[in-house]
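Notes to accompany the following structure.
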Amino acid sequence: MVMARHWYASFDPLLDPAQADAMVELCARFGSYKMYSEEPTFAGIGEGLPARWDAARNFVRTGGRLGRSEPLPVLAARTNYFRETYAYGNEVRISGIEPFLRHQGFVAAARRLYDRPVIVPAIVYANLLVPGQELAVHTDVPEFRGVNRTRHPQWLLVAMRHSGLFEQWRIPIATAVSWFHDCAGGEFAFYPDGADAAPHAHHVRSNTAVLLDTDTVFHGVDRVAETAAPVDRLRPGMRLRSAGDDRWRVEGDGAPVAEYRWEELRFSVSWKAYCFADEAERRTWSAHADDLSVEFAVDRLVDDLRARGTLTGARPGDAALVDLIIDEYIRFPRAVPADSRA
Ligand SMILES: [Fe+2]
């Protein structure tokens, strides 16, 4: 139990020691991880924009949580970390993930987070960051009945959540983030007291986890080791592969670009579950009995922008409208330059 504006749970230890060791072995056995920028983009409003245009735009504008100033390609490479999915719903994509996927402590904490008893695992995925990388401050992609990340722009879903206009269609998601080695740097920086309050920079320790509402609470990952090279050689489409013996390689077109030791990487595994008030709500969701349409959502946001006085005159073109929506609804924490902090 933690006293904060947004409740979160801590787990220490998370698993039996042998199970925790098995997560590290599982990470290497999975073998190959693609870059996050390979996430799909969608037709319609904002077509062609990166999936997380909201977070990328804020990151480049501000230089991240600590307000650093760097060339755009370097900033882009810093936050283009590596990701793969270990389980999707109850579908196990690599053996050995089951104790984590079905962790009863996560289920109990998820029930408590929203006071919603019906917990349905949605996904387990791994993030791997190499030295010099960080994860831009963001909130996660929420889920609404009829509008979700598999079919619609992720930045739009995030803005919908922050607008508060679509809560009757939202399925609250509980997210646990866990770690299975100690890591130098790469703190999990999150804002449980809101975007205007100071963040907590949670130090990463082996076999621990936190569970929170990451769709509401801003969070990111501080830089893993303070290094410019070779992160400046990373490009979209490269992969991070286990090379055995605790060595890992970034490869582009089959050619090695950089090599790391396991202990230099930052490895986290995330667990997400839908939290339903009751079985009837779950059925409404799975039967698509009360679905929102994306057109309705955008029109409602436009109406609200007019009501707020943010938009006057004709509806702007999509490119301008996207940025207007993001700027109006997603109020990121302010960057605080590292050298100005006490
Ligand atoms: Fe996140």
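Of the peptides 224-231, 20-27, the order by per-residue mean of other Cβ atoms within 10 Å, starting with the highest, comes out as 20-27, 224-231.
Accessible surface for the chain, divided over its residues, is 43 Å² per residue with a 1.4 Å probe. Quick one: go through segment 43-61 and flag any residue whose amide nitrogen is under 17 Å from the point 7 Å out along the Cα-to-Cβ line of residue 291. So the set is 43-44. Whole Å is fine, so just give me how far the alpha carbon centre of segment 1-31 lies from that of segment 48-77. The two parts, judged by their Cα centres, are 29 Å apart.
Summing Cβ point charges (Lys, Arg +1; Asp, Glu -1) relative to the Cα centre of segment 13-102 gives a dipole of roughly 420 debye. In whole angstrom, note down how far apart the Cα centers of segment 197-215 and segment 138-189 are. Spelled out, the Cα-based centre of one part sits 15 Å from the other. The residue among 37, 86, 75 whose Cα reaches farthest toward the positive pole of the charge dipole of segment 1-129, with charges on the beta-carbon of Lys, Arg, Asp and Glu, is 75. Near residue 93, the amide H atoms lying under 5 Å from its own belong to 87, 88; only residues 5 or more places off or on other chains count, and H is placed 1.01 Å from N.
Remark on residue 146: its backbone amide H falls under 5 Å from those of 292, a criterion applied only to residues 5 or more positions apart or on other chains, H modelled at 1.01 Å from N.
Proximity of backbone amide H atoms, modeled 1.01 Å from N, is registered between residue 137 and 65 at under 5 Å, excluding neighbours fewer than 5 places apart on the same chain. Each of the trypsin sites (Lys or Arg not before Pro) that DSSP puts in a loop and that has at most 15 other Cβ atoms within 10 Å breaks the chain; the longest unbroken stretch is 206-307. Over all other residues within a Cβ to Cβ distance under 12 Å of residue 259, the charged ones net out to +1, with Lys and Arg as +1 and Asp and Glu as -1.
Using every Cα-Cα pair within segment 1-99, state what percent have a distance larger than 19 Å. When all Cα pairs of segment 1-99 are counted, 66 percent exceed 19 Å. As a fraction of the 1.4 Å probe accessible area of segment 1-135, surface on carbon and sulfur atoms comes out at 55 percent.
Taking Cβ atoms as reference points and 11 Å as the exclusive limit, the residues near residue 64 contribute a net charge of +2, counting Lys and Arg as +1 and Asp and Glu as -1.
The values are calculated or read from the model by the stated rules, or taken from the named source; none is laboratory data. From a predicted model like this one, the values you see are computed outputs, not experimental measurements. Here Cβ is always computed from backbone atoms with ideal geometry, including for glycine, and neighbour counts include all displayed protein chains. Side chains included, ligands, DNA and RNA excluded: accessible areas come from the protein's heavy atoms. Shrake-Rupley method; radii C 1.70, N 1.55, O 1.52, S 1.80 Å.
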